Amino acid sequence: MQGTFGQVEFVPLPPRFAARVRWGSVVVGSSMIAGMALLFGLTTFLQGIVHGHAFPDTLLGKAAAVLPPLGVLAIAVLVLSSRRCLRGDYLVVASAASARHALLFTYVLTLVLILGSFAVPIVFRVWHDAPDFRAPDLLTVLTTLAFATVGFLAGMFYVRPSVQTLRKFSDHPIW
């Protein structure tokens with residue numbers, strides 16, 4: 001099942017799955033980038049209507065508004081780059097392992113940022129026009145969480161396919 005060439009270890013993939021990785025990573029990564037740009041634009045537009053300006057007044061509030069979408073964009077870039085783990089119809093094991101580790105690290109970091117963006121408006125007063133603490137924007141928090149989770153799962157699907165997935169895409173009984 002596995003082969004080596006020099007110091008690089010390769011795993012053969014069914015051609016249909018390799019094609020799915022090639023175009024699927026572009027579709028998922030590009031969709032995540034476009035979706036986060038639209039979500040961020042919608043959020044800043046709505047905050048501008050409610051508060052008179054798009055971003056919170058404090059630096060901590062601005063960081064809580066900007067950092068989670070940047071984490072999702074980092075996941076999108078990793079999903080886009082997951083096609084670099086392919087050489088023809090072979091998966092390069094070392095590249096796939098480093099892509100998995102980068103995806104996991106970025107996903108956990110993004111989850112921490114999302115949790116922080118949820119907690120900051122509750123704990124700190126980030127808008128000066130509000131007399132007390134505000135509830136967080138649940139649309140942004142939940143949608144950012146959904147984008148991050150879908151991107152993470154898609155990236156892991158591409159760089160660590162299961163044997164069942166490989167059997168599903170295979171035309172040959174070797175899987």
(Q) So for the range 84-98 (the condition being in contact with a Phe, Trp or Tyr (Cβ under 6 Å, 6 or more places away or on another chain) and assigned to a helix (DSSP H, G or I)), does at least one residue qualify? (A) no
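Let me confirm something: among Val11, Val72, Val93, Val28, which residue is open to solvent by less than 40 Å² (accessible area, probe 1.4 Å), touching a strand residue (DSSP E or B) at 6+ places or on another chain (Cβ under 9 Å) and on the phi < 0 side of the Ramachandran plot? Before the answer, list the steps.
Working: Val72 fails: touching a strand residue (DSSP E or B) at 6+ places or on another chain (Cβ under 9 Å); Val93 fails: open to solvent by less than 40 Å² (accessible area, probe 1.4 Å); Val28 fails: touching a strand residue (DSSP E or B) at 6+ places or on another chain (Cβ under 9 Å).
None of the other options fit; the residue is Val11.
Go through the residues of the range 121-132 one by one and say whether even a single one is among the aromatic types (Phe, Trp, Tyr), in a loop (DSSP other than H, G, I, E, B) and touching a residue at least 40 places away in the same chain (Cβ under 8 Å).
If we filter the range 121-132 for residues that are among the aromatic types (Phe, Trp, Tyr), which is where we start, we get 124, 127.
With the extra rule that they be in a loop (DSSP other than H, G, I, E, B), the set shrinks to 124, 127.
After this cut, where a residue has to be touching a residue at least 40 places away in the same chain (Cβ under 8 Å) as well, the list is 124, 127.
Checking the range 121-132: at least one residue is among the aromatic types (Phe, Trp, Tyr), in a loop (DSSP other than H, G, I, E, B) and touching a residue at least 40 places away in the same chain (Cβ under 8 Å).
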Q. What's the number of the condition Phe10 fails, among (1) in contact (Cβ under 8 Å) with a residue 12 or more places away in the chain; (2) assigned to a helix (DSSP H, G or I)?
A. (2)
Q. Considering only residues of the range 153-175 that are open to solvent by 30 Å² or more (accessible area, probe 1.4 Å) and closer than 22 Å to Leu78 by Cα, which is modelled with the lowest pLDDT?
A. Ser162
Q: Return only the number of the condition from (1) farther than 23 Å from Phe124 by Cα; (2) touching a helix residue (DSSP H, G or I) at 6+ places or on another chain (Cβ under 6 Å); (3) surrounded by fewer than 20 Cβ atoms within 10 Å (Cβ to Cβ); (4) modelled with pLDDT of 90 or more that Leu67 does not satisfy.
A: (1)
**Q.** Condition met for Gly35 (at pLDDT 85 or above, open to solvent by less than 20 Å² (accessible area, probe 1.4 Å) and within 26 Å of Thr149 (Cα to Cα))
**A.** yes
Q. How about the range 47-56: which of its residues are surrounded by fewer than 16 Cβ atoms within 10 Å (Cβ to Cβ) and in contact with an Asp or Glu (Cβ under 8 Å, 6 or more places away or on another chain)?
A. Gly52
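For Phe105, are the conditions met, namely being assigned to a helix (DSSP H, G or I), under 25 Å from Ala37 (Cβ atoms) and open to solvent by 40 Å² or more (accessible area, probe 1.4 Å)? Walk me through how you get there before you give the answer.
Values: assigned to a helix (DSSP H, G or I): yes; under 25 Å from Ala37 (Cβ atoms): yes; open to solvent by 40 Å² or more (accessible area, probe 1.4 Å): yes.
Answer is yes for this residue.
Looking at the range 108-119 only, could you name the residues that are surrounded by fewer than 20 Cβ atoms within 10 Å (Cβ to Cβ), in contact (Cβ under 8 Å) with a residue 12 or more places away in the chain and over 13 Å from the mean Cα position of the chain (by Cα)?
Taking the range 108-119 as the starting set, the residues that turn out to be surrounded by fewer than 20 Cβ atoms within 10 Å (Cβ to Cβ) are 108-109, 111-112, 115-116, 119.
Add one more test, that the residue is in contact (Cβ under 8 Å) with a residue 12 or more places away in the chain, and what stays is 109, 111, 116, 119.
Gly116, Ala119 - these are the residues of the range 108-119 that are surrounded by fewer than 20 Cβ atoms within 10 Å (Cβ to Cβ), in contact (Cβ under 8 Å) with a residue 12 or more places away in the chain and over 13 Å from the mean Cα position of the chain (by Cα).
The values are calculated or read from the model by the stated rules, or taken from the named source; none is laboratory data. Please read all numbers here as calculations on a predicted model, not as lab measurements. Here Cβ is always computed from backbone atoms with ideal geometry, including for glycine, and neighbour counts include all displayed protein chains. Side chains are part of the model used for accessible areas, which takes the heavy atoms of the whole protein and leaves out ligands, DNA and RNA. Shrake-Rupley method; radii C 1.70, N 1.55, O 1.52, S 1.80 Å.
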